[in-house]
1. Report yes if Y58 is within 21 Å of V1 (Cβ to Cβ) and among the hydroxyl-bearing types (S, T, Y), otherwise no.
2. Right, S29: of a type in the set (S, T, Y) and modelled with pLDDT under 95 or not?
3. List the strands (runs of 3 or more DSSP E) that sit entirely inside region 25-83 and contain at least 1 residues that are aromatic (F, W, Y), open to solvent by less than 30 Å² (accessible area, probe 1.4 Å) and within 23 Å of L10 (Cβ to Cβ).
4. Could you list, ordered by first residue, the pairs with Cβ atoms under 6 Å in which the first is in region 48-67 and modelled with pLDDT of 95 or more and the second is open to solvent by 40 Å² or more (accessible area, probe 1.4 Å) and assigned to a strand (DSSP E or B), at least 6 apart or interchain?
5. Output the residues belonging to region 2-24 that are crowded, with 16+ Cβ neighbours inside 10 Å and either at pLDDT below 95 or not β-branched (V, I, T) (or both).
6. Hey, can you tell me all the residues within region 66-96 that are within 13 Å of R18 (Cβ to Cβ) and over 10 Å from the mean Cα position of the chain (by Cα)?
7. Among (1) assigned to a loop (DSSP other than H, G, I, E, B); (2) touching a strand residue (DSSP E or B) at 6+ places or on another chain (Cβ under 6 Å), there is one condition G15 misses while meeting the rest; what is its number?
8. Criterion first (part of a loop (DSSP other than H, G, I, E, B) and of a type in the set (A, V, I, L, M)) does L109 satisfy it?
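The values are calculated or read from the model by the stated rules, or taken from the named source; none is laboratory data. Keep in mind that what you see is a predicted model, and the values were worked out from it rather than measured. Here the Cβ positions follow ideal geometry from the backbone for every residue, glycine too, while neighbour counts run over all protein chains shown. Each accessible area value is taken on the protein alone, full model and side chains, heavy atoms only, with ligands, DNA and RNA left out. Shrake-Rupley method; radii C 1.70, N 1.55, O 1.52, S 1.80 Å.
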Amino acid sequence: VQLQASGGGLVQAGGSLRLSCAASGSIFSFFTMGWYRQAPGNQRELVAEITSGGRTNYADSVKGRFTISRDNAKNTVYLQMNSLKPEDTAVYYCNVRRGPLDAWGQGTLVTVSS
């Protein structure tokens with residue numbers, strides 16, 4: 001299982017970014033796919049996840065601003081991030097899981113300037 005995340009970068013507060021994570025090595029339509037983030041000095045935290053059935057779950061801090069989606073034909077999960085805030089600055093990691101399988105991407109840095 002390999003996960004390749006992309007789309008991070010530097011953006012001003014109030015701006016938008018779209019993260020993508022392409023998975024390979026398995027069929028991920030039955031997997032839960034998600035995004036986590038880790039800011040310096042903080043623990044890794046869930047940002048958003050989407051189940052195989054399309055049910056979504058968001059951290060309270062991003063509700064109404066971020067949208068997670070998936071394209072099973074492309075084995076890809078997306079995170080549309082709008083109205084970004086400096087506190088959203090972190091390394092963002094994609095994750096896929098099902099049963100005992102729990103795989104992580106390499107992380108992509110998102111920096112939001114004030």
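1. no
2. Values: of a type in the set (S, T, Y): yes; modelled with pLDDT under 95: yes.
For S29, the condition - of a type in the set (S, T, Y) and modelled with pLDDT under 95 - is met.
3. Numbers: elements: 32-38, 45-50, 56-58, 66-71, 76-81.
Filter on region 25-83 gives 32-38, 66-71.
4. These pairs meet every condition: A48/Y58; E49/N57; I50/T56; I50/R70; A59/L46; T67/Q80.
5. L3, A5, G7, G8, L17, L19, S20, C21, A22, A23
6. Listed by number, the residues that qualify are D71, T76, N82, L84.
7. Every condition holds for G15 apart from (2).
8. So L109 does not fit the description; no.
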